[in-house]
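Where a number appears in this text, it was derived from the coordinates with a stated rule and is not lab data. Owing to the predicted nature of the structure, the values given are computational and were not obtained by experimental measurement. As a convention, Cβ positions derive from the backbone with ideal geometry for all residues, glycine included, and neighbour counts pool all protein chains shown.
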Amino acid sequence: MDKHSLIHLFHIFFVGPLLIYIGINRDKTNATLLHSLLYLGLLVIMYHGYKAYKTGSWVNYIHALYVGPLLVLIGLYGSGISRKYFELMLLTGIAALGYHTYYLFF
């Protein structure tokens, strides 16, 4: 299995469902899980920021400038953040699931 297929599978079975779960449960999500999003978001920003700098890939820019900061915001404010950020998380999870499922097969 090639690298891209593994990335797609990771997003289909872990990232997408995680974002959807948090987006649906919003403030009822475990506080530890919400807090861990801060560190995950920082990791996403650093990794994809570096990759965006090196390659200029639009995928890395989306992760570094949208996904990472969204994770950091929700991780920082937890259940006290506005519902609109959880809605963005839900939409992002659905988009990730659809995008990666499509590209896994086509």
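Restricting attention to the chain, the count of lysine pairs at 8 or more positions apart or across chains with alpha carbons under 29 Å apart stands at 4.
Label separation (F10 vs R83): 3.4 nm, computed from points 7 Å beyond Cα along the C-beta direction. Think of the chain as having a plus end and a minus end, set by charges on the Cβ of Lys, Arg, Asp and Glu; of Y21, T32, M46, M46 sits farthest toward the positive end of this dipole.
Under the √(5λ) rule applied to the eigenvalues of the Cα gyration tensor, what semi-axes describe the equivalent ellipsoid of the chain? Give them in Å, descending.
Equivalent-ellipsoid dimensions as semi-axes: 23, 17, 11 Å.
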